[in-house]
Amino acid sequence: MSDGSDDEDSGDVAEAAQAAPLLRRENSALVGQGRAEAALLAAWRTGRLPHAWLLTGPRGIGKATLAFRFTRFLLAQDGAGPALFGGPQPTGLAVDPASPAFRRVASGGHADVLLIERAYDEKRKRRRSEIVIDDVRQIGEFLHLTPAEGGWRIVIVDGADEMNRNAANALLKVLEEPSRRSLLLLTSASPGRLLPTIRSRCRHLALTLLSEGQIADLLKQYRPTLTPDEVSGLAGLAGGSIGRALDLAGAGGLALYREMMALLTALPALDGAAVDRLADRLGRAGAEESFRLMAELLPRRIARMIRDTSAGIDPDLARLAARRSLDRWVEVWEKLNRLFALVDVVTLDRKQAMLNAFFALEEAAR
């Protein structure tokens, strides 16, 4: 199994990276996804398990965790299928962390498991922005080998929507000609970006958002040094994603959010000096993760303003929302998303992108 940094969909901050294995292949528990787990177990019990699954849902809610959990379960069966003649049936996908299957999958050393994800670029010292065809070509070679232990050959494609066109076409060929006793588990936060032909060849399983209470409990477990106020604040900002909550915790997300809100609530009187300091800080080398978080927080907060204002329940930004029609704010929200997308697409300067974002908000608020 190929190795990686174990961040579910991204994450370059050291603290987030340290917590990430808890969210993926080393995690012995899965929170809030009982329905999805039951669906996989029910499919296995039929003895006719679909050869490809597409696990979808927002970033950081447990898609890869579930993929590894199901992988360990299948490999722990020692090649056996479901008990068809009244024998004992597993009641869940949990595998003892002390078992050989669990330990070898967790260490990346199981010969019958292959992980495909965005590779690490040694020159740029970061992960590539997409999964390329050379990554996917490994799958065909891997699946044509006989299972080393007589059971399953399992491929996990984590972030399948991050494949470029050539990689996606290569994966499609694999899906069209499945090997016997092979299983592909694709995770995707944006399944609409996948080729329709890929989606049609997979059994779709949508995961659900976690509650704030579940996220708070997980934060207490993974970040025991957080104060109760920090736990509550992070759980509220996480949008149902423990992965996002951990990213926020690792990158000072609460402080960033409060800094952002101070600027937004003052509009149209934008504090130019404060915006410049913020943009300069987020544009520096080593601040990529903080910039990414702000690039998520800002459009999301405007989207929430639009949604909550239409329902009359946004006291924090009600004054700002009232300065323009909701249609106008939707246009601004779309502009922010396009602007931040250009940072990755054409390597737009991060400082200038952040300045432009706040200038666009200032103009709309006048």
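Before moving on, here are some points about what is shown:
- Here segment 77-112 is the region considered, the condition is being within 16 Å of S182 (Cα to Cα) and modelled with pLDDT under 90, and the residue that is nearest to the chain's Cα centre (by Cα) is Q77.
- Note on segment 89-147: residues that are crowded, with 18+ Cβ neighbours inside 10 Å and of a type in the set (A, V, I, L, M, F, W, C) total 15.
- Whichever residue in segment 228-282 is basic (K, R) and within 16 Å of A295 (Cβ to Cβ) and, among such residues, is farthest from the chain's Cα centre (by Cα): R281
One line per residue, one yes/no per condition, for (1) within 22 Å of T265 (Cβ to Cβ); (2) out of contact with any helix residue (DSSP H, G or I) (no Cβ under 7 Å at 6 or more places or on another chain):
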position	(1), (2)
A295	yes, no
P299	yes, no
A303	yes, no
S310	yes, no
D314	yes, no
A322	yes, yes
K351	no, no
L355	yes, no
A360	yes, no
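- So W53, is it more than 26 Å from L234 (Cα to Cα), at pLDDT 85 or above, touching a helix residue (DSSP H, G or I) at 6+ places or on another chain (Cβ under 9 Å) and assigned to a strand (DSSP E or B): yes
- There is no residue in segment 298-307 that is in contact with a Gly (Cβ under 6 Å, 6 or more places away or on another chain), under 19 Å from D349 (Cβ atoms) and in a helix (DSSP H, G or I).
- For segment 321-366, a residue qualifies if it is outside any helix (DSSP H, G or I), surrounded by 13 or more Cβ atoms within 10 Å (Cβ to Cβ) and hydrophobic (A, V, I, L, M, F, W, C), and exactly one does: L348.
- For segment 169-213, a tally of residues being out of contact with any Lys or Arg (no Cβ under 9 Å at 6 or more places or on another chain), in a helix (DSSP H, G or I) and crowded, with 16+ Cβ neighbours inside 10 Å returns 5.
- Of all positions in segment 159-166, at least one carries a residue that is charged (D, E, K, R) and surrounded by 15 or more Cβ atoms within 10 Å (Cβ to Cβ).
- Subset of segment 276-295 [without any contact (Cβ under 8 Å) to a residue 40 or more places away in the chain and within 28 Å of S325 (Cβ to Cβ)]: none
- Enumeration of residues in segment 120-139 that are within 22 Å of I198 (Cα to Cα) and in contact (Cβ under 8 Å) with a residue 24 or more places away in the chain: S129, E130, I131, V132, I133, D135, V136, R137, Q138, I139
The values are calculated or read from the model by the stated rules, or taken from the named source; none is laboratory data. Since this is a predicted model, take the numbers as computed values, not measurements. Backbone-built Cβ (ideal geometry, glycine too); neighbour counts: all protein chains shown.
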